[in-house]
1. Search the structure for amide H atoms under 5 Å from the amide H of GLU80, placed 1.01 Å from N in the peptide plane, and list their residues when 5 or more places away or on another chain.
2. Please report, in debye to the nearest 20, how large the charge dipole of the chain is about its Cα centre when each Lys and Arg carries +1 at its beta carbon and each Asp and Glu carries -1 there.
3. For the residue pair LEU143 and ASN48, what label-to-label distance in nm results when each label sits 7 Å from Cα along the Cα-to-beta-carbon direction?
4. Report the net charge of residues surrounding VAL123, where surrounding means a beta-carbon distance below 9 angstrom and charges are Lys +1, Arg +1, Asp -1, Glu -1.
5. Between the stretch 34-77 and the stretch 107-132, how many Å separate their Cα centres?
6. Once phi is turned into θ = phi - 60°, what whole-Hz ³J(HN,Hα) does the Karplus curve with 6.51, -1.76 and 1.60 give for every residue of the stretch 91-104, x standing for Gly and Pro?
7. Can you sort ASP164, ASP152 by how many other beta carbons sit within 10 Å, fewest first?
8. What translational D, rounded to a whole number of µm²/s, comes out for the stretch 28-137 from Stokes-Einstein when the hydrodynamic radius is the Kirkwood one over Cα pairs, at 20 °C and 1.002 mPa s?
Amino acid sequence: MLSIDPAANTERENYKFLIGSIIPRPIAFVTTISNDGILNGAPFSYFNIVTANPPMISLAIQRPEGRQKDTARNIIEVKEFVVHIVDEQNVKKVNKTAAILPPDQSEIELANLTPIESIKISVPGVEEAKIRMECVLEHSVELGGLESPGCDLIIGKVVQFHIDNEIYEKGRISPRGLSAVSRLAGNNYAKIGEIFEIERPK
């Protein structure tokens, strides 16, 4: 087995080890709004649950070459955002939003996604997602060094869930109905495969 010290690697080498090892990763499609009123949208696979009481999620938004992304800046300034689950039906449109655009251009328009008003926050979501979560900023932390942070860690509190009726039954969400996709390494994605059950020890 290889034994590798990450301190001896480049950022790119460590990135490849991480994204190749931590798979599959759920994908958050995040909408934010700038102070100028531009609706921004971008996908992130450094995303997960933090706690259910209260319901919170995390996003780790990398800073390429130390540059803060529009999504992180908008969340920190406006303190609201919407997280959508990426599925087989919307993944191609969501992938288009990964294009690098100037802050005054909307990825939502580029990908021909349909904005939909939120109930409790000012930031719209998109209609094409089967699940979306209206969030308010709980914490933001700069990680990776005081002089040159490499990441904005965002903790958001979910203040409203929106779930497609067709995938919801008796308080549960159908994994097959949701058809969520996940990120692997490179340009690779994965679908929900075989589902199996193992009972927890009592």
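Just so it is clear, none of the values below were taken in a lab; they were calculated from the coordinates. The structure displayed is predicted, hence computed values, not measured ones. Here the Cβ is made from the backbone with ideal geometry for all residues, glycine too, and neighbour counts use every protein chain on show.
1. Hits under the 5 Å cutoff: LEU137.
2. Charge dipole, the chain, about its Cα centre: 500 debye, nearest 20.
3. In this crude spin-label approximation the distance works out to 1.0 nm.
4. Details: positive: none; negative: GLU80, GLU134.
Counting the neighbours of VAL123, the net charge comes to -2.
5. 15
6. Whole-Hz 3J(HN,Hα) from phi for the stretch 91-104: 4, 5, 5, 4, 4, 4, 6, 6, 4, 7, 10, x, x, 8.
7. By the 10 Å Cβ count, ascending: ASP164, ASP152.
8. Translational diffusion coefficient: 153 µm²/s.
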